[in-house]
1. Please rank S11, S125, S36, fewest neighbouring Cβ atoms within 10 Å first, as an exposure proxy.
2. When we measure straight from the Cα of K75, which lysines land under 24 angstrom away, once same-chain ones fewer than 8 places off are left out?
3. Determine the sum of side-chain charges near S28: Lys and Arg each +1, Asp and Glu each -1, restricted to other residues whose C-beta is under 14 angstrom from that of S28.
4. Restricting to DSSP H runs of at least four residues, report the calculated mean residue ellipticity at 222 nm for the chain, -39500 (n - 2.57) per run over all residues, nearest 500 deg cm²/dmol.
5. If I take the Cα coordinates of the stretch 85-151 and project them onto the principal axes, what are the three extents in Å, biggest first?
6. Fewest first, what order do L131, L8, L147 take by the number of other Cβ atoms within 10 Å?
7. Under a no-solvent Debye model with one identical scatterer per Cα of the stretch 3-150, what's log10 I(q)/I(0) at q = 0.17, 0.18 Å⁻¹?
8. Report the full-extension gain for the segment V90 to R60: residue separation times 0.36 nm, less the Cα-Cα distance, to one decimal in nm.
Amino acid sequence: MRKFLVVLDDSRECLNAMRFAAMRAAGSGGGVAILSIIPPEEFNHWIGVGDIMREEARERIEVHFEVFAKWMRDKQGVDPELVIREGEPVTEILAQIHADPDIGVLVLGAGTDKKGPGPLVTQLSRSAGSLPIPITIVPGDLSKERLEAIT
């Protein structure tokens, strides 16, 4: 089964990327893998404190994931999987793509502010020509209705 890989973070545009991935998966009989990445700088403390912070980060991610997972199950009939990795975001996204041969499309949300589409979109689109899968970039300001019409 082909999976859509989408990145879960705290950005506003993440919501549209999640919606798009779920709707495309539902329409094509595919699946959704939701990747959340814990940056390494969050744990540059004493070992005991770092372990506690790591566990708290994982718990926050799981709670955030459940909100999206419930919507995907209830509204789209898609049961997403959660993958949590630690490291630099682009490196971990590429590692996950290589680790899971069922991933067929990377879905990213593009920011709408004046700073540009966001660091992930910027960095990954530069190397898009050498990636093993296509990237779908979902505009962050598309309405839910427009997303439904597109997918």
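A short reminder: the numbers here are calculations on the coordinates, not readings from a lab. Bear in mind that the values here come from a model prediction, so they are computed numbers and not experimental data. When we count neighbours, we look across all protein chains shown, and the Cβ atoms used for this are built from the backbone with ideal geometry, even at glycine.
1. Numbers: S11 18, S125 15, S36 21.
Starting with the residue having the fewest Cβ neighbours, the order is S125, S11, S36.
2. Straight-line reach from K75, under 24 Å: K3, K144.
3. Values: positive: R2, K3, R24; negative: D102.
It works out to a net charge of +2.
4. On the way: 5 runs with 66 residues, N = 151.
Using -39500 (n - 2.57) per qualifying helix, the result is -14000 deg cm²/dmol.
5. Its Cα atoms span 34, 28, 24 Å along the three principal axes.
6. Values: L131 14, L8 21, L147 17.
Neighbour counts put them in this order, fewest first: L131, L147, L8.
7. Ignoring solvent entirely, the Cα scatterers give -0.98, -1.09.
8. The V90-R60 span can extend by a further 8.7 nm.
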